[in-house]
Amino acid sequence: MASLNTQSRKHARKQQIRPLAGSLLALAIGFGVATAHADDALPKLVNKTPMKVGFAQTESNNPWRLAETKSFKDVAAKCGWQIVMTDANGSNSKQVSDIQSMIAQHVDLLVFPPREEKPLAPVVLQAKKAGIPVILVDRDVDQSVAKAGRDYITFIGSDFIDQGHRAADWLVKATGGKAKIIELEGTTGASAANDRKKGFDEIIAKNPGMTIIASQSGDFARDKGRQVMETLLQAHPDVTAVYAHNDEMALGAIAAIKAAGKQPGKDIQIVTIDGTKGGMDAIAAGELGASVQSSPFFGPLACDVAQRYAKGEKIPTWVKVSDRFYDKSNVQQSMQYGY
Ligand code: AHR
């Protein structure tokens, strides 16, 4: 489900706003000042068994994160990896210090999903300075600070903007182009939230009958999604649709809608992203309209990229993951892809 073709749209977009080029980057950070020459070559990866790989997870509060972590545990033996794993419990600063501790342990390779784009960018430069190659998975960092192909090997992940487009396209069709929408955003500052919002809002802006009446973060968490939806339902009882940036928040919203005496899927159409088992069950039950899959299975892809990189192959700056789409027309026969 991924191609090694150079996928430059997202990085090209980010390059347009990159203010620093070919110069010394100096960043005051946790344990000192990290500097890295933009022109320095990427650190090499020596192919050895076992290879000590650091995987720094952001949090473990939903099925998507658990599936992502499991895909790394599952691939470790096959790939000859001895994995050092951490869990930042939803804290940017903990994820940064987890990664710094892996750098201090001299892991051979670092792989991680940066919780937020900006706070996690400097530590990528620290790893480069320490001679440790980095693969980013799932979410990306701020390209004006650390850049794929220059400061880290590659970004392996979905096209979040396209996910937003696909969710919006479905909602336009499902509502006949007329809706009052509540948007439940993911973690503020995460590339997944930024780009899913951008993609969705772009399509909605082209449909004059569709209005986003409120947009607020539910932090990609089910209970936060429920609480935010509860409040927004009171302020906007005329809502007819919900776009949640992930299944967990959509499931929270469904609970809030039911508690308010409305029927999800009938009074209020809901579209979301992830393709978890819980999301797919809600589609089968007619409460959720559709979910754009966002694959969490990065372990085998990261293993493949690391092996190719160690052999000296040129790796594209974005290894793009393609995602499925589920609605009532195909959810039953797609259940095996749920997680
Ligand atoms: O970055 C991917 C998002 O993060 C997933 O949609 C979500 O469930 C997770 O927490």
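Computed values, structure above
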quantity: Complete set of residues in the range 134-165 that are surrounded by fewer than 22 Cβ atoms within 10 Å (Cβ to Cβ) and either under 30 Å from residue 266 (Cβ atoms) or within 16 Å of the ligand (Cβ to nearest atom) (or both); calculated: 142, 159, 161, 162, 165
quantity: Any chance residue 247 is charged (D, E, K, R) and within 16 Å of the ligand (Cβ to nearest atom); calculated: yes
quantity: Any chance residue 186 is within 12 Å of the ligand (Cβ to nearest atom), assigned by TED's automatic domain parsing to the domain that holds residue 211 and farther than 17 Å from residue 264 by Cα; calculated: yes
quantity: Of residues in the range 189-207 being among the basic types (Lys, Arg) and within 14 Å of the ligand (Cβ to nearest atom), the one surrounded by the fewest Cβ atoms within 10 Å (Cβ to Cβ); calculated: 197
quantity: Conditions (1) of a type in the set (Val, Ile, Thr); (2) part of a helix (DSSP H, G or I); (3) closer than 28 Å to residue 338 by Cβ; number of the one not met by residue 231; calculated: (3)
quantity: Search result, residues across the range 240-258 that are in a loop (DSSP other than H, G, I, E, B) and buried (at least 24 other Cβ atoms within 10 Å of the Cβ); calculated: 245, 246
quantity: Subset tally (residues that are within 16 Å of the ligand (Cβ to nearest atom) and under 19 Å from the mean Cα position of the chain (by Cα)) for the range 281-310; calculated: 12
quantity: Condition broken by residue 117, with the remaining ones in (1) away from the ligand (no atom under 13 Å from the Cβ); (2) surrounded by 18 or more Cβ atoms within 10 Å (Cβ to Cβ); (3) not in a helix (DSSP H, G or I) satisfied; calculated: (1)
quantity: Number of positions in the range 259-311 that are on the phi < 0 side of the Ramachandran plot and outside any strand (DSSP E or B); calculated: 37
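The values are calculated or read from the model by the stated rules, or taken from the named source; none is laboratory data. Here the structure is a predicted model, which means the values were calculated and not measured. Quick reminder, even Gly has a Cβ in these numbers, built from the backbone with ideal geometry, and neighbours come from all protein chains shown.
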